[in-house]
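Q: One structure, pasted below without further comment.
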Amino acid sequence: MSQKNDTLPLILALLCSIAVLGAGFWWFSNKSDFNSILPSSDNQDQVTTAANQNANHNIPQSSPVTEFTAPRNVPQGTAIAINGSTSMAQINQSLKKSFQQQFSGTQVITNAQGSGVGIKLLQQGNIDIAAISRPLTAQEQANGLASVPITQDAIAVVVSVNNPFRRGLTKAQVQDIFRGNITNWSEVGGKSSTIVRVINRPSISGTYQVFKQEVLQDNNFGNSSNFIIMERDATTPILRALEANGISYATYAQVANQQTVRTVAINGLTPEADNYPYQRVLYYAYQEPASMAVKSFLGYALSPQGQKVIAEN
């Protein structure tokens, strides 16, 4: 009887030990499984770095984000086709010349038919890079497009040098002119004369879209008889059409050295000022995953040498 009483506690102690060991094993296994779904410290650093880069650029980016580095060599026969924003036509040409000189046997083919055309051709696979003067939309990103900021630019409000209006405008006055609420120069401090021509770009223009969003605060342009919509997104025809009573807008780089027009100060600031109100970012868009040709050209454009070429425009 005494032996049975001694055995029972031993059996119970053994069962308790097995239970404790089993619970410990279960906890350890589940902890390992939980940790396995978390990013490692290395992966977390990569995610944080990409997020910080996107936040600094303040633009939407598709995922994954390709990293571009300056190429040391580019194979002969490499060809890159670029089309898009007229605001970037000079940048494209300057980078083309410098890139082809740096890497003999390469070819850069450029055109400038507007940001909308560039995006369309890129999605169709007809070009390698779209030069755009606006951020990509969420839908364009969902379709596999990504973009990198290339440089910053200003949108200038311009009149002919023959225009008797010699004053500046406020942001509110610019809005009212391009929405059709102000139709006479006397309403903005000039002599009494009708604003005969308010010249607008086609809606495929990235500059048009940025102007509508940033300057007009997403309000519509006016549509009265003095509003003229150009058929092509090209700056030269717009400047020629200004005449003595017209007003329009263009990327500052394209009008800075023009002898037939002058820029209008906005809130007392000219486009050269760091705090000029109408500034925007210019981008190169590409299809993910980026080809080696695209990586080479964008790596060059973003390199110190490429940025120097862009700054000299």
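The values are calculated or read from the model by the stated rules, or taken from the named source; none is laboratory data. Note that this is a predicted model, so its numbers are computed, not measured. All Cβ positions, glycine included, derive from the backbone under ideal geometry; neighbour counts span all protein chains shown. All accessible areas refer to the heavy atoms of the entire protein, side chains included, with ligands and DNA or RNA removed. Shrake-Rupley method; radii C 1.70, N 1.55, O 1.52, S 1.80 Å.
Q: Over region 90-190, what is the relative contact order in whole percent, taking alpha-carbon pairs under 8 Å and six or more residues apart?
A: 13 percent.
Q: Expressed as a rounded percentage, what relative contact order does region 208-313 have, with Cα pairs under 8 Å and six or more residues apart? Before the final figure, lay out each step's value.
A: Working: 36 pairs, mean separation 15.5, N = 106.
It comes to 15 percent, rounded to a whole number.
Q: Further, regarding this structure: Can you classify region 195-254 as rounded, prolate or oblate using the Cα gyration tensor, where a ≥ b ≥ c are the square roots of its eigenvalues, rounded means a/c under 1.5, and otherwise it's prolate if a/b beats b/c and oblate if not? Provide the component values of the computation, followed by the final result.
A: Numbers: a/c = 1.64, a/b = 1.16, b/c = 1.42.
Because a/c hits 1.5 or more and a/b fails to exceed b/c, region 195-254 counts as oblate.
Q: In nm, give the distance between the simple-model label positions of residue 274 and residue 93, each being 7 Å from the Cα along the Cα-to-Cβ direction.
A: If labels sit at residue 274 and residue 93, their model points lie 3.1 nm apart.
Q: Determine the gain in length on full extension of the stretch residue 203-residue 79; use 0.36 nm per residue of separation and subtract their C-alpha separation, reporting nm with one decimal.
A: 41.6 nm
Q: Rank these by accessible area, largest first, 1.4 Å probe: 88, 292. Intermediate results must be reported in sequence, preceding the final value.
A: Values: 88 0, 292 135 Å².
So the residues, ranked largest to smallest area, are 292, 88.
Q: Considering only DSSP beta bridges where both residues belong to region 161-313, give the percentage that are antiparallel (nearest 5).
A: 25
Q: Taking the Cα-to-Cβ direction at residue 225 and at residue 186 and moving 7 Å from each Cα, how far apart do the two end points lie in nm?
A: Here the modelled spin labels are 1.9 nm apart.
Q: Quick one: Cα centre-to-centre distance for region 77-122 and region 267-311, in angstrom?
A: When both Cα centres are located, 13 Å separates them.
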